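Right, one structure below, let's go through it.
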Amino acid sequence: MVLTCPVARRRTTPHVRALGHSRRNLLRAGALLALGGAVAPLTGCDLLDRGDRQDQAPDPLEPLATQARELAARHRAALAADPGLAPLLTPIADAHEAHAAELAKLTGRPAASPGPSPAATTGGDRAAVLAALREAEQGGREAAAKLCAEAPVDRAALVGSIAAARATHVEALK
Amino acid sequence: MRHRQAPSGPAEALGGALTAEYAAVWAYGVIGVRLADAARTAARRAEAAHRSRRDALVLQLSAAGGTVPADKAGYTLPFPVTDTASALRLAVEVEERTAAFWRAALPHTTGEDRNRALAALTDCAVRATRWRRTAGVTPVTVAFPGRPT
């Protein structure tokens, strides 16, 4: 892209068009040579740019951390609406928050933003509330298992533990 | 079945999981006789699950041509098992310890092997949760199944 721009610009300049072939070719060759000399520094810039883009790219574990915060928020909302569920749901909400904190350590990104307000799972009877939470945990388990399969060596154990924990939540909510 | 240092490679990681499965199968023999009714049935099912993992690991490690750790005639119990309560406590402990070996295998495996290790870790964690519920232990879950504490 960078290499072709100056040459193309010269081609469309009337002044250059008026020049003889040999002169034009010479100019082009000169431009290419000059650009060729600039390839090394340009490549250097390009590498830096790529580095910047990598920093801005979402970490593959970010969605898992977001999901952990959302699940925690759902459990907190459910037990706020029905305090009788606290002994069951508090440890599960705590676990999701602990997962988010551990994931933040790995990704190097703080778990600052709380998840969006949970969907209205607080309405309805207790069985319906638990069924909705169970379904959410099952989805979370599958997502974590998928990520575990693809996770690099230093992340596999944590992501695996999170997948297993979500499976135990499904069991606990039965 | 003891807590050990992190394995250094796939063979050691899966070998560790195999020693854990041997011990789990043996322990459920002790556990089952102290339980009755539904709990005894659950213990038999758990024992069968551990046997199945054990057999699969023996086959896998044999096929790979490496050393296959041998089973022992008996294992040292972490505490005496004399009644239902201690049998349930041992069942929880067996599942937690076996989960730790499978978790340790995750970084040393890829593809289908890792999926199998995760399935084993998950099964152990879910059984530990069921045993805690049967034993009346709360909470019934832990935040990081298989993670050394």
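What to note about this one:
- Partners for A:Lys146 among lysines (Cα-Cα distance below 25 Å; same-chain residues under 8 apart left out): A:Lys105, A:Lys174
- With N the number of residues in the range A:62-172, Rg(Cα) / (2.2 N^0.38 Å) evaluates to 1.04.
- Least to most buried among B:Trp102, B:Trp131, B:Trp26 (fewest other Cβ within 10 Å first): B:Trp26, B:Trp131, B:Trp102
- Other residues within the sphere of radius under 10 Å centred on the Cβ of B:Gln60, judged by their own Cβ, net out at -1 (K and R +1, D and E -1).
- Computed magnitude of the charge dipole of the range B:10-135 (debye, nearest 20; Cβ of K, R +1, Cβ of D, E -1): 340 debye
- Farthest towards the positive end of the charge dipole of the range B:10-149, among the residues B:Ala119, B:Thr138, B:Gly74, is the Cα of B:Thr138, using unit charges on the Cβ of Lys, Arg, Asp and Glu.
- Legend: helices of chain B (whole DSSP H runs) are marked when their alpha-carbon atoms reach 20 angstrom or more along the helix axis and their mean Kyte-Doolittle hydropathy is at least -0.5; marked are B:10-32, B:84-105.
- All Cα pairs of the range B:14-64, percent lying beyond 11 Å: 65 percent
- Rg and Dmax of chain B, Cα atoms only, in Å: 14.8, 45
Every number here is computed from the coordinates shown, using simple stated rules; none is lab data. Fair warning: this is a prediction, and the values are worked out from it, not measured in the lab. Virtual Cβ from ideal backbone geometry, glycine too; neighbours counted across all protein chains shown.
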